[in-house]
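I have placed the structure first, in the form of C-alpha coordinates, so that the comments after it can refer back to it.
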Amino acid sequence: MKKLCMAAASALLLLQLQGQAQTTAPAKDTIPLVHGAHRTGNRTDPDMARWRSLRLGQFIHWGLYAIPGGEWNGKTYNGAAEWIRSWKEMPQADYDNLYKQFNPVNYHPEQWAQQAKDMGAGYMIITTKHHDGFCLWPSKYTRYTVAASPWKKDIIGPMVDAYNKQGIDVYLYFSIIDWNHPDWRTSLKTPADSAAYNRFKVFVKHQLQELLVRYPTIKGFWFDGTWDNSWKNDGAFSDELEQYLQKIHPGLIIGSRLRADEKGARHFDSNGRLMGDYEQGWERKLPTQFADIHGNDWEGVMTIPENQWGYCAKWAGHIKTSNELIEMLVKSTSLGGNFVINFGPKSDGTFRTEEVQRMQEIGQWMKVNGTAIRGGTYAGFDKQDWGYYIRKANTDSIFMVVCNVPVSGSLRVKLPASTTLTQASYLENPGITLTPEMIGAHEYFLHLDPQKNYQTPVVILLNTSNSTAVDNGRFEKAKT
Ligand code: 2OX
(Lines give C-alpha, C1' and ligand atoms only; values in the text may rest on other atoms or scores of the structure.)
Protein backbone atom coordinates (compact mmCIF):
# COMPACT_ATOMS: atom_id res chain seq x y z
CA MET A 1 0.00 0.00 0.00
CA LYS A 2 2.75 2.40 1.03
CA LYS A 3 4.69 1.51 -2.10
CA LEU A 4 1.63 2.17 -4.22
CA CYS A 5 1.15 5.57 -2.63
CA MET A 6 4.78 6.41 -3.24
CA ALA A 7 4.47 5.40 -6.87
CA ALA A 8 1.32 7.44 -7.27
CA ALA A 9 2.93 10.41 -5.53
CA SER A 10 6.01 10.34 -7.73
CA ALA A 11 3.88 9.95 -10.86
CA LEU A 12 1.88 12.98 -9.79
CA LEU A 13 5.04 14.93 -9.06
CA LEU A 14 6.42 14.06 -12.48
CA LEU A 15 3.26 15.35 -14.12
CA GLN A 16 3.46 18.55 -12.09
CA LEU A 17 7.08 19.05 -13.04
CA GLN A 18 6.14 18.70 -16.65
CA GLY A 19 3.64 21.49 -16.07
CA GLN A 20 0.85 19.29 -17.24
CA ALA A 21 -1.48 18.10 -14.66
CA GLN A 22 -3.29 14.84 -14.84
CA THR A 23 -6.70 14.79 -16.41
CA THR A 24 -9.16 12.87 -14.38
CA ALA A 25 -11.18 11.26 -17.12
CA PRO A 26 -13.90 8.94 -15.89
CA ALA A 27 -12.71 5.38 -15.45
CA LYS A 28 -14.69 4.35 -18.48
CA ASP A 29 -17.14 6.00 -20.82
CA THR A 30 -20.60 4.67 -20.12
CA ILE A 31 -22.41 6.42 -22.98
CA PRO A 32 -21.37 5.64 -26.55
CA LEU A 33 -20.82 8.92 -28.41
CA VAL A 34 -19.81 9.82 -31.94
CA HIS A 35 -19.62 13.58 -31.30
CA GLY A 36 -18.16 13.66 -27.80
CA ALA A 37 -14.58 14.47 -26.79
CA HIS A 38 -11.97 13.23 -29.26
CA ARG A 39 -8.97 13.48 -26.98
CA THR A 40 -8.02 12.50 -23.45
CA GLY A 41 -5.93 15.03 -21.57
CA ASN A 42 -4.52 18.33 -22.76
CA ARG A 43 -3.08 19.01 -26.20
CA THR A 44 0.71 18.67 -26.19
CA ASP A 45 1.59 20.39 -29.51
CA PRO A 46 3.70 23.61 -29.74
CA ASP A 47 0.71 25.87 -30.53
CA MET A 48 -1.10 24.79 -27.40
CA ALA A 49 2.11 24.91 -25.35
CA ARG A 50 2.52 28.53 -26.46
CA TRP A 51 -1.08 29.43 -25.51
CA ARG A 52 -0.51 27.79 -22.13
CA SER A 53 2.66 29.78 -21.49
CA LEU A 54 1.26 33.26 -22.29
CA ARG A 55 -1.11 33.41 -19.32
CA LEU A 56 -2.24 37.06 -19.68
CA GLY A 57 -4.63 38.02 -22.44
CA GLN A 58 -6.48 41.15 -23.52
CA PHE A 59 -10.14 40.85 -24.56
CA ILE A 60 -11.66 43.63 -26.64
CA HIS A 61 -15.39 44.10 -27.14
CA TRP A 62 -15.92 46.64 -29.86
CA GLY A 63 -18.89 47.16 -32.08
CA LEU A 64 -21.96 49.30 -32.73
CA TYR A 65 -22.99 49.05 -29.06
CA ALA A 66 -20.09 51.39 -28.25
CA ILE A 67 -22.07 54.23 -29.89
CA PRO A 68 -24.98 54.31 -27.38
CA GLY A 69 -22.59 53.15 -24.61
CA GLY A 70 -25.45 51.84 -22.46
CA GLU A 71 -27.69 54.89 -22.90
CA TRP A 72 -30.55 55.75 -25.23
CA ASN A 73 -32.81 58.82 -25.28
CA GLY A 74 -31.40 60.01 -21.96
CA LYS A 75 -32.15 56.70 -20.22
CA THR A 76 -29.56 54.32 -18.83
CA TYR A 77 -29.73 50.59 -19.53
CA ASN A 78 -28.95 48.46 -16.48
CA GLY A 79 -27.78 45.42 -18.44
CA ALA A 80 -24.52 44.88 -20.29
CA ALA A 81 -24.02 47.70 -22.81
CA GLU A 82 -23.42 45.27 -25.72
CA TRP A 83 -26.92 43.87 -25.07
CA ILE A 84 -28.72 47.23 -25.43
CA ARG A 85 -30.48 46.11 -28.61
CA SER A 86 -32.54 43.72 -26.48
CA TRP A 87 -33.71 46.52 -24.14
CA LYS A 88 -37.37 47.58 -24.49
CA GLU A 89 -36.37 51.26 -24.48
CA MET A 90 -34.15 50.78 -27.52
CA PRO A 91 -36.10 50.53 -30.80
CA GLN A 92 -34.45 47.79 -32.84
CA ALA A 93 -34.67 49.88 -36.00
CA ASP A 94 -32.62 52.58 -34.25
CA TYR A 95 -29.99 50.03 -33.28
CA ASP A 96 -29.89 48.52 -36.72
CA ASN A 97 -29.14 51.96 -38.18
CA LEU A 98 -26.22 52.69 -35.85
CA TYR A 99 -23.82 51.37 -38.47
CA LYS A 100 -24.43 54.64 -40.35
CA GLN A 101 -22.57 56.36 -37.47
CA PHE A 102 -19.68 53.93 -37.08
CA ASN A 103 -16.65 56.07 -37.84
CA PRO A 104 -13.74 55.51 -35.41
CA VAL A 105 -11.54 58.35 -36.62
CA ASN A 106 -9.19 57.89 -33.64
CA TYR A 107 -8.65 54.17 -34.19
CA HIS A 108 -4.90 53.56 -34.18
CA PRO A 109 -4.29 49.81 -33.98
CA GLU A 110 -0.53 50.33 -33.49
CA GLN A 111 -1.32 52.25 -30.29
CA TRP A 112 -3.75 49.54 -29.17
CA ALA A 113 -1.08 46.90 -29.72
CA GLN A 114 1.59 48.97 -27.98
CA GLN A 115 -0.51 49.43 -24.84
CA ALA A 116 -1.41 45.72 -24.81
CA LYS A 117 2.28 44.89 -25.11
CA ASP A 118 3.07 47.33 -22.29
CA MET A 119 0.43 45.62 -20.14
CA GLY A 120 2.24 42.34 -20.65
CA ALA A 121 -0.45 40.59 -22.70
CA GLY A 122 0.70 37.58 -24.69
CA TYR A 123 -2.50 37.30 -26.69
CA MET A 124 -5.65 39.22 -27.51
CA ILE A 125 -9.22 38.36 -28.46
CA ILE A 126 -11.23 40.74 -30.65
CA THR A 127 -14.97 40.66 -31.32
CA THR A 128 -15.20 40.21 -35.08
CA LYS A 129 -19.00 39.84 -34.72
CA HIS A 130 -21.01 40.08 -31.51
CA HIS A 131 -24.67 39.05 -31.02
CA ASP A 132 -25.88 42.09 -33.03
CA GLY A 133 -24.39 40.51 -36.15
CA PHE A 134 -22.37 43.57 -37.20
CA CYS A 135 -19.07 42.49 -38.77
CA LEU A 136 -15.87 44.43 -38.12
CA TRP A 137 -14.47 42.94 -41.31
CA PRO A 138 -15.98 43.45 -44.79
CA SER A 139 -17.58 40.02 -45.05
CA LYS A 140 -18.82 39.09 -48.47
CA TYR A 141 -21.64 37.03 -46.95
CA THR A 142 -23.63 39.96 -45.48
CA ARG A 143 -24.02 43.68 -46.10
CA TYR A 144 -24.10 44.38 -42.34
CA THR A 145 -20.38 45.16 -42.03
CA VAL A 146 -17.87 47.99 -41.66
CA ALA A 147 -17.91 48.32 -45.44
CA ALA A 148 -21.39 49.88 -45.18
CA SER A 149 -20.32 52.33 -42.44
CA PRO A 150 -18.76 55.77 -42.94
CA TRP A 151 -15.44 54.19 -41.90
CA LYS A 152 -15.68 51.74 -44.81
CA LYS A 153 -12.35 50.06 -44.08
CA ASP A 154 -11.54 46.72 -42.47
CA ILE A 155 -11.00 46.98 -38.70
CA ILE A 156 -9.68 43.46 -38.14
CA GLY A 157 -6.81 43.22 -40.65
CA PRO A 158 -4.85 46.23 -39.38
CA MET A 159 -5.46 45.04 -35.81
CA VAL A 160 -4.13 41.55 -36.49
CA ASP A 161 -1.05 43.04 -38.17
CA ALA A 162 -0.38 45.60 -35.43
CA TYR A 163 -0.67 43.06 -32.60
CA ASN A 164 1.35 40.44 -34.45
CA LYS A 165 4.06 43.05 -34.97
CA GLN A 166 4.27 43.34 -31.19
CA GLY A 167 4.52 39.57 -30.89
CA ILE A 168 0.97 39.27 -29.55
CA ASP A 169 -1.15 36.34 -30.75
CA VAL A 170 -4.63 37.16 -32.04
CA TYR A 171 -7.81 35.17 -31.42
CA LEU A 172 -11.12 36.00 -33.05
CA TYR A 173 -14.31 36.19 -31.00
CA PHE A 174 -17.30 35.05 -33.07
CA SER A 175 -20.89 34.94 -31.85
CA ILE A 176 -23.20 32.20 -33.06
CA ILE A 177 -26.12 34.37 -31.94
CA ASP A 178 -26.79 36.75 -34.83
CA TRP A 179 -29.72 39.13 -34.28
CA ASN A 180 -29.27 40.58 -37.75
CA HIS A 181 -29.47 37.42 -39.82
CA PRO A 182 -33.00 36.48 -40.98
CA ASP A 183 -32.25 32.75 -40.68
CA TRP A 184 -30.90 32.77 -37.12
CA ARG A 185 -33.17 31.00 -34.61
CA THR A 186 -32.98 30.15 -30.90
CA SER A 187 -35.15 27.06 -31.30
CA LEU A 188 -36.55 25.15 -34.23
CA LYS A 189 -40.31 24.76 -33.92
CA THR A 190 -41.33 24.30 -37.56
CA PRO A 191 -39.82 22.75 -40.71
CA ALA A 192 -39.39 26.35 -41.94
CA ASP A 193 -37.28 27.12 -38.85
CA SER A 194 -35.14 24.08 -39.54
CA ALA A 195 -34.64 25.07 -43.15
CA ALA A 196 -33.72 28.62 -42.13
CA TYR A 197 -31.25 27.45 -39.50
CA ASN A 198 -29.64 25.06 -41.95
CA ARG A 199 -28.99 28.05 -44.19
CA PHE A 200 -27.70 29.99 -41.18
CA LYS A 201 -25.17 27.24 -40.36
CA VAL A 202 -23.83 27.39 -43.91
CA PHE A 203 -23.49 31.17 -43.49
CA VAL A 204 -21.55 30.66 -40.23
CA LYS A 205 -19.23 28.16 -41.88
CA HIS A 206 -18.61 30.53 -44.80
CA GLN A 207 -17.83 33.46 -42.50
CA LEU A 208 -15.38 31.40 -40.44
CA GLN A 209 -13.66 30.10 -43.53
CA GLU A 210 -13.50 33.68 -44.79
CA LEU A 211 -11.87 34.86 -41.54
CA LEU A 212 -9.26 32.11 -41.72
CA VAL A 213 -8.40 32.96 -45.32
CA ARG A 214 -8.28 36.71 -44.67
CA TYR A 215 -6.29 36.48 -41.40
CA PRO A 216 -4.07 33.42 -41.68
CA THR A 217 -1.87 34.37 -38.67
CA ILE A 218 -4.69 34.05 -36.12
CA LYS A 219 -4.18 31.38 -33.49
CA GLY A 220 -7.77 30.48 -32.77
CA PHE A 221 -11.43 31.32 -32.42
CA TRP A 222 -13.30 32.31 -29.27
CA PHE A 223 -16.91 31.23 -29.78
CA ASP A 224 -19.86 32.61 -27.85
CA GLY A 225 -23.66 32.46 -27.95
CA THR A 226 -23.78 28.67 -28.34
CA TRP A 227 -26.29 27.97 -25.59
CA ASP A 228 -29.50 28.10 -27.63
CA ASN A 229 -31.38 24.88 -28.39
CA SER A 230 -30.97 25.42 -32.14
CA TRP A 231 -27.19 25.15 -31.78
CA LYS A 232 -26.78 22.72 -28.92
CA ASN A 233 -29.19 20.20 -30.41
CA ASP A 234 -26.91 19.76 -33.40
CA GLY A 235 -23.76 18.41 -31.79
CA ALA A 236 -22.77 16.79 -35.07
CA PHE A 237 -22.56 20.19 -36.75
CA SER A 238 -20.42 21.77 -34.01
CA ASP A 239 -18.15 18.72 -34.11
CA GLU A 240 -17.78 18.76 -37.88
CA LEU A 241 -17.28 22.53 -37.90
CA GLU A 242 -14.50 22.28 -35.34
CA GLN A 243 -12.77 19.56 -37.33
CA TYR A 244 -13.22 21.49 -40.58
CA LEU A 245 -11.62 24.65 -39.13
CA GLN A 246 -8.72 22.76 -37.61
CA LYS A 247 -8.14 20.91 -40.84
CA ILE A 248 -7.80 24.07 -42.92
CA HIS A 249 -5.76 25.77 -40.18
CA PRO A 250 -3.68 23.16 -38.32
CA GLY A 251 -2.96 24.05 -34.69
CA LEU A 252 -6.01 26.33 -34.40
CA ILE A 253 -7.14 26.67 -30.79
CA ILE A 254 -10.85 26.45 -30.02
CA GLY A 255 -12.27 26.43 -26.49
CA SER A 256 -15.01 24.19 -25.17
CA ARG A 257 -17.83 26.71 -25.72
CA LEU A 258 -18.30 25.84 -29.38
CA ARG A 259 -19.23 22.26 -28.76
CA ALA A 260 -22.19 20.16 -27.88
CA ASP A 261 -22.35 16.39 -28.17
CA GLU A 262 -25.23 14.55 -29.86
CA LYS A 263 -27.15 14.51 -26.59
CA GLY A 264 -26.95 18.28 -26.18
CA ALA A 265 -24.28 18.27 -23.42
CA ARG A 266 -22.11 21.38 -23.69
CA HIS A 267 -18.42 21.97 -22.81
CA PHE A 268 -18.18 18.49 -21.27
CA ASP A 269 -19.67 15.57 -23.14
CA SER A 270 -22.24 13.20 -21.67
CA ASN A 271 -19.38 11.13 -20.23
CA GLY A 272 -17.96 14.19 -18.48
CA ARG A 273 -15.00 14.62 -20.82
CA LEU A 274 -13.93 18.08 -21.95
CA MET A 275 -14.61 18.91 -25.60
CA GLY A 276 -12.39 21.41 -27.41
CA ASP A 277 -8.90 22.53 -26.47
CA TYR A 278 -9.48 24.12 -23.07
CA GLU A 279 -12.28 24.73 -20.60
CA GLN A 280 -13.97 27.96 -21.67
CA GLY A 281 -16.70 28.24 -19.04
CA TRP A 282 -14.86 30.51 -16.60
CA GLU A 283 -16.56 33.80 -17.35
CA ARG A 284 -16.45 36.50 -14.64
CA LYS A 285 -15.54 33.79 -12.13
CA LEU A 286 -12.44 31.77 -11.35
CA PRO A 287 -11.86 28.32 -9.89
CA THR A 288 -10.97 28.37 -6.21
CA GLN A 289 -8.75 25.32 -6.07
CA PHE A 290 -6.77 23.06 -8.37
CA ALA A 291 -9.29 20.23 -8.00
CA ASP A 292 -11.93 22.42 -9.67
CA ILE A 293 -10.28 22.20 -13.10
CA HIS A 294 -9.58 18.45 -13.22
CA GLY A 295 -6.19 18.97 -14.84
CA ASN A 296 -7.66 20.58 -17.96
CA ASP A 297 -6.25 23.64 -19.67
CA TRP A 298 -8.57 26.54 -18.90
CA GLU A 299 -9.02 30.26 -19.36
CA GLY A 300 -10.91 32.84 -17.31
CA VAL A 301 -12.30 36.02 -18.87
CA MET A 302 -12.96 39.00 -16.62
CA THR A 303 -14.61 42.40 -16.85
CA ILE A 304 -13.22 45.40 -14.95
CA PRO A 305 -16.68 46.49 -13.75
CA GLU A 306 -19.29 43.94 -12.66
CA ASN A 307 -20.80 42.96 -16.03
CA GLN A 308 -19.95 45.31 -18.86
CA TRP A 309 -18.06 44.11 -21.94
CA GLY A 310 -18.77 46.76 -24.57
CA TYR A 311 -18.24 50.45 -23.81
CA CYS A 312 -20.62 51.69 -21.12
CA ALA A 313 -20.43 55.42 -20.42
CA LYS A 314 -21.64 55.11 -16.82
CA TRP A 315 -19.90 52.32 -14.99
CA ALA A 316 -21.89 51.41 -11.88
CA GLY A 317 -21.06 49.18 -8.95
CA HIS A 318 -17.65 47.92 -7.97
CA ILE A 319 -14.81 48.65 -10.40
CA LYS A 320 -11.88 46.25 -10.00
CA THR A 321 -8.55 47.84 -9.15
CA SER A 322 -5.34 46.82 -10.86
CA ASN A 323 -4.25 45.02 -7.68
CA GLU A 324 -7.44 42.95 -7.74
CA LEU A 325 -6.86 42.10 -11.39
CA ILE A 326 -3.20 41.24 -10.73
CA GLU A 327 -4.27 38.93 -7.91
CA MET A 328 -6.75 37.21 -10.24
CA LEU A 329 -4.01 36.80 -12.85
CA VAL A 330 -1.69 35.33 -10.23
CA LYS A 331 -4.39 33.01 -8.93
CA SER A 332 -5.23 31.83 -12.45
CA THR A 333 -1.58 31.14 -13.20
CA SER A 334 -1.19 29.28 -9.92
CA LEU A 335 -4.11 27.08 -10.96
CA GLY A 336 -2.64 26.40 -14.39
CA GLY A 337 -4.94 28.69 -16.37
CA ASN A 338 -4.91 31.83 -18.50
CA PHE A 339 -6.46 35.12 -17.42
CA VAL A 340 -7.99 37.54 -19.91
CA ILE A 341 -8.99 41.10 -19.01
CA ASN A 342 -11.70 42.79 -21.05
CA PHE A 343 -11.68 46.32 -22.44
CA GLY A 344 -14.50 48.17 -24.20
CA PRO A 345 -13.15 50.99 -26.37
CA LYS A 346 -15.29 54.01 -27.18
CA SER A 347 -16.86 54.32 -30.63
CA ASP A 348 -14.18 56.77 -31.77
CA GLY A 349 -11.43 54.20 -31.20
CA THR A 350 -10.02 55.50 -27.91
CA PHE A 351 -9.94 53.87 -24.47
CA ARG A 352 -11.45 55.38 -21.34
CA THR A 353 -8.93 56.60 -18.75
CA GLU A 354 -9.89 53.94 -16.16
CA GLU A 355 -8.90 51.22 -18.62
CA VAL A 356 -5.69 52.93 -19.70
CA GLN A 357 -4.70 53.32 -16.06
CA ARG A 358 -5.28 49.64 -15.32
CA MET A 359 -3.31 48.55 -18.39
CA GLN A 360 -0.42 50.76 -17.28
CA GLU A 361 -0.48 49.64 -13.65
CA ILE A 362 -0.69 45.96 -14.56
CA GLY A 363 2.12 46.57 -17.05
CA GLN A 364 4.34 48.11 -14.39
CA TRP A 365 3.85 45.04 -12.25
CA MET A 366 4.34 42.65 -15.18
CA LYS A 367 7.56 44.37 -16.20
CA VAL A 368 9.08 43.42 -12.86
CA ASN A 369 7.24 40.17 -12.19
CA GLY A 370 6.11 38.86 -15.58
CA THR A 371 8.64 36.05 -15.49
CA ALA A 372 6.59 34.52 -12.67
CA ILE A 373 3.48 34.64 -14.88
CA ARG A 374 4.68 33.66 -18.34
CA GLY A 375 5.47 29.97 -18.30
CA GLY A 376 4.06 29.72 -14.79
CA THR A 377 1.81 26.93 -13.64
CA TYR A 378 0.46 25.01 -10.66
CA ALA A 379 3.24 24.32 -8.16
CA GLY A 380 1.77 21.27 -6.46
CA PHE A 381 2.16 22.84 -3.01
CA ASP A 382 -0.49 23.49 -0.38
CA LYS A 383 -1.79 27.03 -0.68
CA GLN A 384 -0.71 29.40 2.09
CA ASP A 385 -2.54 32.44 3.46
CA TRP A 386 -0.07 35.02 2.11
CA GLY A 387 -0.89 34.30 -1.54
CA TYR A 388 -0.02 31.88 -4.32
CA TYR A 389 2.78 29.54 -5.30
CA ILE A 390 3.60 29.40 -9.00
CA ARG A 391 6.00 26.91 -10.57
CA LYS A 392 8.04 27.82 -13.59
CA ALA A 393 6.87 24.91 -15.74
CA ASN A 394 9.32 22.01 -15.98
CA THR A 395 11.70 23.47 -13.37
CA ASP A 396 12.37 23.49 -9.62
CA SER A 397 11.88 27.27 -9.49
CA ILE A 398 8.92 28.32 -7.39
CA PHE A 399 7.58 31.84 -7.09
CA MET A 400 5.76 33.00 -4.00
CA VAL A 401 3.44 35.80 -5.02
CA VAL A 402 2.61 37.55 -1.76
CA CYS A 403 -0.74 39.30 -1.99
CA ASN A 404 -1.49 39.43 1.75
CA VAL A 405 1.48 40.42 3.91
CA PRO A 406 0.79 39.34 7.51
CA VAL A 407 1.24 41.99 10.20
CA SER A 408 4.07 39.85 11.62
CA GLY A 409 5.91 40.02 8.31
CA SER A 410 6.59 36.29 8.65
CA LEU A 411 5.59 34.11 5.72
CA ARG A 412 5.12 30.42 6.31
CA VAL A 413 6.64 28.29 3.58
CA LYS A 414 5.42 24.73 3.79
CA LEU A 415 7.00 22.49 1.20
CA PRO A 416 6.03 18.95 0.28
CA ALA A 417 7.98 16.27 2.10
CA SER A 418 10.07 15.53 -0.99
CA THR A 419 11.22 19.13 -1.43
CA THR A 420 14.00 21.15 0.20
CA LEU A 421 14.43 24.91 0.12
CA THR A 422 17.89 25.91 -1.05
CA GLN A 423 17.54 29.67 -1.50
CA ALA A 424 15.04 32.52 -1.39
CA SER A 425 15.41 35.96 -3.00
CA TYR A 426 13.32 38.85 -4.23
CA LEU A 427 12.45 38.52 -7.90
CA GLU A 428 12.62 42.31 -8.16
CA ASN A 429 16.13 42.32 -6.67
CA PRO A 430 17.85 38.93 -6.89
CA GLY A 431 20.85 40.32 -4.98
CA ILE A 432 18.77 40.45 -1.81
CA THR A 433 18.33 37.01 -0.35
CA LEU A 434 16.07 36.04 2.50
CA THR A 435 17.41 33.71 5.14
CA PRO A 436 14.85 30.98 5.82
CA GLU A 437 14.20 30.15 9.44
CA MET A 438 13.47 26.46 9.74
CA ILE A 439 10.40 25.88 11.87
CA GLY A 440 9.70 22.26 11.01
CA ALA A 441 10.64 19.52 8.64
CA HIS A 442 10.24 21.13 5.18
CA GLU A 443 8.67 24.14 6.85
CA TYR A 444 10.17 27.61 7.15
CA PHE A 445 9.54 31.25 7.91
CA LEU A 446 10.69 33.96 5.57
CA HIS A 447 10.77 37.33 7.31
CA LEU A 448 9.88 40.37 5.21
CA ASP A 449 11.14 43.80 6.13
CA PRO A 450 8.43 44.93 8.60
CA GLN A 451 9.06 48.58 7.66
CA LYS A 452 8.24 48.06 4.05
CA ASN A 453 4.76 48.95 2.88
CA TYR A 454 4.09 46.93 -0.28
CA GLN A 455 1.85 48.68 -2.81
CA THR A 456 1.59 45.70 -5.18
CA PRO A 457 2.10 41.93 -4.73
CA VAL A 458 5.73 41.11 -4.00
CA VAL A 459 7.32 38.05 -5.57
CA ILE A 460 9.89 35.82 -3.91
CA LEU A 461 11.80 33.25 -5.91
CA LEU A 462 12.46 29.95 -4.18
CA ASN A 463 15.06 27.58 -5.45
CA THR A 464 14.06 24.13 -4.38
CA SER A 465 15.45 20.71 -4.90
CA ASN A 466 13.94 17.31 -4.71
CA SER A 467 15.29 15.45 -1.77
CA THR A 468 14.59 12.04 -0.42
CA ALA A 469 15.82 13.13 3.02
CA VAL A 470 13.49 12.00 5.75
CA ASP A 471 12.43 13.87 8.84
CA ASN A 472 15.32 13.53 11.27
CA GLY A 473 13.03 13.90 14.26
CA ARG A 474 14.41 17.30 15.22
CA PHE A 475 10.91 18.77 15.18
CA GLU A 476 8.90 16.80 17.63
CA LYS A 477 5.18 16.56 17.11
CA ALA A 478 2.82 17.21 19.98
CA LYS A 479 1.29 14.22 21.70
CA THR A 480 -2.45 14.76 21.86
C1 2OX B 1 -26.11 35.92 -19.94
C2 2OX B 1 -27.36 35.52 -19.52
C3 2OX B 1 -28.33 35.20 -20.46
C4 2OX B 1 -28.01 35.28 -21.78
C5 2OX B 1 -26.76 35.67 -22.20
C6 2OX B 1 -25.81 35.99 -21.29
N7 2OX B 1 -24.55 36.41 -21.68
C8 2OX B 1 -24.02 36.70 -22.88
N9 2OX B 1 -23.63 36.57 -20.82
N10 2OX B 1 -22.53 36.96 -21.41
C11 2OX B 1 -22.74 37.05 -22.68
C12 2OX B 1 -21.68 37.47 -23.60
N13 2OX B 1 -20.45 36.70 -23.37
C14 2OX B 1 -19.42 37.61 -22.94
C15 2OX B 1 -18.05 37.12 -23.29
C16 2OX B 1 -19.83 38.89 -23.59
O17 2OX B 1 -19.59 38.87 -24.99
C18 2OX B 1 -21.28 38.90 -23.28
O19 2OX B 1 -22.02 39.83 -24.04
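The values are calculated or read from the model by the stated rules, or taken from the named source; none is laboratory data. Remember, predicted model here, so these are calculated numbers, not experimental data. Positions of Cβ are backbone-derived with ideal geometry, glycine not excepted, and every protein chain shown enters the neighbour counts.
So the values come out like this:
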quantity	calculated
Which listed residue, of Asp224, Asp161, is farther than 21 Å from Gly251 by Cβ and touching a residue at least 24 places away in the same chain (Cβ under 8 Å)	Asp224
Members of segment 219-258 found to be within 16 Å of the ligand (Cβ to nearest atom), assigned to a loop (DSSP other than H, G, I, E, B) and over 22 Å from Arg52 (Cβ atoms), listed by number	Gly225, Thr226, Trp227, Asp228
Residue check, Thr30 at pLDDT below 95, assigned to a loop (DSSP other than H, G, I, E, B) and crowded, with 17+ Cβ neighbours inside 10 Å	no
Test for Gly133: is it part of a loop (DSSP other than H, G, I, E, B) and without any contact (Cβ under 8 Å) to a residue 60 or more places away in the chain	yes
Residue within segment 135-153 that is in contact with a Phe, Trp or Tyr (Cβ under 8 Å, 6 or more places away or on another chain), within 16 Å of the ligand (Cβ to nearest atom) and at negative phi present	yes
Residue check, Pro104 assigned to a loop (DSSP other than H, G, I, E, B), more than 20 Å from Leu252 (Cα to Cα) and away from the ligand (no atom under 16 Å from the Cβ)	yes
Qualifying residue in segment 124-134 (condition: within 16 Å of the ligand (Cβ to nearest atom), in contact with a Lys or Arg (Cβ under 7 Å, 6 or more places away or on another chain), modelled with pLDDT of 95 or more and within 18 Å of Gly344 (Cα to Cα))	yes
Checklist (1) in contact (Cβ under 8 Å) with a residue 40 or more places away in the chain; (2) under 19 Å from Ile177 (Cβ atoms); (3) aromatic (Phe, Trp, Tyr) applied to Phe102, failing item	(2)
Long-range neighbours under 8 Å by Cβ, at least six apart or interchain, first residue in a helix (DSSP H, G or I) within segment 46-65, second within 16 Å of the ligand (Cβ to nearest atom) and aliphatic (A, V, I, L, M)	Tyr65/Ala81; Tyr65/Ile84
Where a residue in segment 172-192 is touching a residue at least 12 places away in the same chain (Cβ under 8 Å) and outside any loop (DSSP other than H, G, I, E, B) and its partner, wherever it lies, is of a type in the set (Val, Ile, Thr) and within 16 Å of the ligand (Cβ to nearest atom), with Cβ under 6 Å and at least six apart	Leu172/Thr128; Tyr173/Ile125; Tyr173/Thr127; Phe174/Thr128
Complete set of residues in segment 66-97 that are crowded, with 17+ Cβ neighbours inside 10 Å, of a type outside the set (A, V, I, L, M), within 13 Å of the ligand (Cβ to nearest atom) and assigned to a helix (DSSP H, G or I)	Glu82, Trp83, Arg85
Criterion: within 13 Å of the ligand (Cβ to nearest atom), within 27 Å of Tyr65 (Cα to Cα) and part of a loop (DSSP other than H, G, I, E, B) - qualifying residue of Gly317, Gly281, Gly310, Gly300	Gly310
